[in-house]
Each structure stands twice: as C-alpha cells, then as structure tokens.
Amino acid sequence: MKKIIRLIMSGFVLLLFVLTVEAQSKESELATVYIKSNMDCMDCELTLTNYLKFEKGLKSLKVDLVSNTIKVVYKSGKNTPENIANGIKKNGYEATLISENEYKKLFGIAPKK
C-alpha cells in the first residue's frame, strides 16, 4: 500500500514539473515587433488599435499617436511581423518594421548595447 502511495506521489510531482517546464517554454515563444506608422489623429490610433487587437496570437499591444509607433507582443507560432505589417497596410497606413533600439530612441529610452 505504501508503494502505491509513493508511486502516486512521484507521478504527481513529475506532472507538476512537466507542467511548469511547459508553461515556461510557452512564455519563451513570445516575440515583439516594433512598427513605425503614419497616424494623423486619435481616430487613426483607435482604428489601428481596434484592428490589431484581433490579430492571431496577440498578447499585448501599444499604439502611440505621438511617436507614430506600434508595439505588438505576440506568440511567434501564431503570427509574423510581416503579417502584422501587411494588416496595417491593408487599413491604409504605412508600416515600417523598426528595431527595438529605434523604438526606444523615439521614447527617449537609452537603447541596449
């Protein structure tokens, strides 16, 4: 009886370990894309926000009218930077992919070296 209980407990611990590793690997699948656009007004910002929030794999979104930038965090297996940029272009806006350092410069944040 004790062997069965130990076996069950060992299985439970192993299951918890596997689930923890799987959850950590899912977090590592996240990718970020930075895009420079040509928004003119709050309606442009709202239009892009409403469109992008339905993109596949979206985890977070920041559309900024002042800097004309868009930051999208998404699951890399669900979408690509090119698909996101093409969707923005289909809505009638420019969509130029920029680096994280270029994005940070626009906000006055010191880039990583």
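When the Gaussian network model of the chain links Cα atoms closer than 10 Å, the mean-square fluctuations of LEU52, LEU65, LEU14 top out at LEU14.
Per residue, how much space in cubic angstrom lies within the convex hull of the C-alpha atoms of the chain? Walk me through the intermediate numbers first.
On the way: hull volume 15.3 nm³, N = 113.
With only Cα atoms used, the chain gives 135 Å³ per residue.
Extending 7 Å from the Cα toward the beta-carbon at both GLU29 and ILE8 defines two label points whose distance is 3.3 nm.
Secondary-structure-derived ellipticity at 222 nm for the chain, considering helices only, amounts to -15500 deg cm²/dmol, per-run term -39500 (n - 2.57) for DSSP H runs with n ≥ 4.
At most 15 other Cβ atoms within 10 Å and a DSSP loop assignment: could you name the chymotrypsin sites (Phe, Trp or Tyr not before Pro) in region 26-94 that fit?
PHE54
Taken together, the values in this text are just the output of simple stated rules run on the coordinates, not laboratory data. Small disclaimer: the values here were computed from a predicted structure and weren't measured. In this analysis, Cβ positions are derived from the backbone assuming ideal geometry, glycine residues included, and neighbour counts consider all displayed protein chains.
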